[in-house]
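The values are calculated or read from the model by the stated rules, or taken from the named source; none is laboratory data. What you are looking at is a predicted structure, and each value in this text was computed from that prediction instead of being measured. We place every Cβ from the backbone using ideal geometry, glycine too, and count neighbours over all the protein chains shown. Only protein heavy atoms, including side chains, enter the accessible area calculation; ligands, DNA and RNA are left aside. Shrake-Rupley method; radii C 1.70, N 1.55, O 1.52, S 1.80 Å.
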Amino acid sequence: MSGFVLLALLAAEPTMADGGASEIEDTAIQIAQALLASDVEKLTALSPSGFAFDGRQAWSQADIRAEWTRSLGRRPLTGLKIHGAEVVGYDEMVKRYGAPPERWSRINLSAARIAIVNLDGRALLVIFRKRGEGWVPLGITE
């Protein structure tokens with residue numbers, strides 16, 4: 001995983017054929033930009049009810065805001081830059097990096113998609129799911 005930020009995107013379909021890769025990439029970049037800017041309000045707005053932080057789900061916007069505030073306080077990201085993103089499916093992620101951490105075992109990731117965003121060598125895993133016609137963030141971990 002080193003050298004990349006992993007943004008996992010949980011999709012309704014396990015293949016990349018149904019499109020959405022540019023939407024996934026755009027959302028991943030928005031989250032990365034908000035992280036780098038320490039923009040808790042934007043991160044909270046991008047994180048729906050049930051958003052998971054390292055496998056622990058937060059169900060209210062107040063709890064999500066508090067988790068983002070704690071996360072940003074633990075790992076300052078100032079000075080880092082985004083160096084692009086790549087979207088891959090769950091099987092490709094497992095092939096490259098191994099199975100997800102045990103802390104994610106409560107969440108079914110078998111149909112996940114991953115947007116790998118390079119942030120000056122920092123690794124981060126954010127999980128999304130397809131809801132209706134769009135993509136909704138589901139969680140984040142390193």
With DNA, RNA and ligands ignored, accessible area of residue 104 (1.4 Å probe; Å², nearest 10): 0
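Normalised by the residues of the stretch 32-142, what does the relative contact order come to in percent, with Cα pairs under 8 Å and at least six apart? Before the final figure, lay out the partial values.
Numbers: 154 pairs, mean separation 34.8, N = 111.
For the stretch 32-142, the relative contact order is 31 percent.
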May I ask you to list the aspartates and glutamates whose Cα is less than 13 Å away from that of residue 130, ignoring any residue fewer than eight positions away on the same chain? 13, 18, 23
Pair residue 86, residue 38: separation of 7 Å Cα→Cβ label points (nm): 3.2
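Quick check on packing: order 41-53, 65-77 by the mean number of other C-beta atoms within 10 Å, highest mean leading.
Details: 41-53: 18.2, 65-77: 14.5.
Going from most to least packed, we get 41-53, 65-77.
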For 113, 96, 131, give the ranking by accessible area with the largest first, probe 1.4 Å. 131, 96, 113
Relative to the present Cα-Cα distance, how much length would full extension add between residue 75 and residue 45 at 0.36 nm per residue of separation? 8.8 nm
Per 5 angstrom bin, beginning at 0 and ending with the bin that holds the maximum distance, the Cα pairs of the stretch 36-142 fall in percents of 2, 11, 21, 24, 22, 16, 4, 0
Under a 1.4 Å probe, counting only protein heavy atoms, residue 102 has an accessible area in Å², nearest 10, of 140
